[in-house]
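Heads up: the structure comes next, in structure tokens.
The values are calculated or read from the model by the stated rules, or taken from the named source; none is laboratory data. In this text the structure is predicted, and so the values were computed from the model without any measurement. Cβ: placed from backbone, ideal geometry, glycine included. Neighbour counts: every protein chain shown. Only protein heavy atoms, including side chains, enter the accessible area calculation; ligands, DNA and RNA are left aside. Shrake-Rupley method; radii C 1.70, N 1.55, O 1.52, S 1.80 Å.
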Amino acid sequence: IFTQYVIMFALVGSLESLLTVKATDMLDPWHRKSDANRDLAAVGVGNILASVLGGLPMISEVARSSANVANGARTRWANFFHGVFLLLFLLLDLQFNDLIPTPALAAMLIGVGLKLASPREFGAVAKIGLEQLFIFCVSIVVTLATDLLLGIAAGVLLKLALSLVFGTPWQTLFRAHVKVIGQQVSVAGAAVFSTWLGIRKQLARVASHESVVLDLKDCNVVDHTVIENLHHLHRDFEVAGGNLQLEGM
């Protein structure tokens, strides 16, 4: 049982931290990219130190991050001072901390949560596709009924099943056939969420400050996750002074 909970905390903490990084990057008005590897390393080291001192595991938190962004935070110093002030309250004025009504804190978290998961978000997902709304709702229901890890797993498995239904060859479900010739990157089979990392790795081999052509005409399926990531990548190329052209969509 001990090992089971250690693994569960590690997986849930890592996954939620990565999801928070992704969500915060999308909230960032300057469209900057966080270093996910650095974030995971920080969470891991922090949790090791916290456990040695008898503390609870910690993760990147989307509620605090979104509150920082909403109030004009621009750098990681916002998180640093957030932690410093919490530490000062705990060390110097614990009695004052106990006077803060728990319902008031709960109301603040509910308010931030409603902004992140407002009814408009369901409408926005439905406009992308009804199957996306179905995955979204199943993930939410399973998460609320069980825990975050099972909710994510249910969403991923459902997405994989729908990818196969929509025509993704099972041979390319986890590995797309990518070919790089000069400044042209060709993808065959399928460009779906489970193959995106491989596609992104090959695109990273081509200089982002140049004109790059991504050829998708030999793909049976290009899912919404890849399309969204390509939009972000196109913006990154423009910022770097280059251009990403899509063919075969």
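Would the range 67-87 turn up any residue that is open to solvent by 50 Å² or more (accessible area, probe 1.4 Å), assigned to a loop (DSSP other than H, G, I, E, B) and in contact with an Asp or Glu (Cβ under 7 Å, 6 or more places away or on another chain)? No: zero hits.
The single condition from (1) out of contact with any helix residue (DSSP H, G or I) (no Cβ under 8 Å at 6 or more places or on another chain); (2) within 29 Å of Val43 (Cβ to Cβ); (3) part of a helix (DSSP H, G or I) that Pro103 fails is (2). Please tell me if Trp170 is of a type in the set (Phe, Trp, Tyr) and open to solvent by less than 50 Å² (accessible area, probe 1.4 Å). The answer is no for Trp170.
Take the conditions part of a helix (DSSP H, G or I) and over 30 Å from Thr225 (Cα atoms) and apply them to Phe122. Does it pass? No. Once the range 52-64 is narrowed to residues that are at pLDDT below 85 and over 16 Å from Ser14 (Cα atoms), the residue that is surrounded by the most Cβ atoms within 10 Å (Cβ to Cβ) is Arg64.
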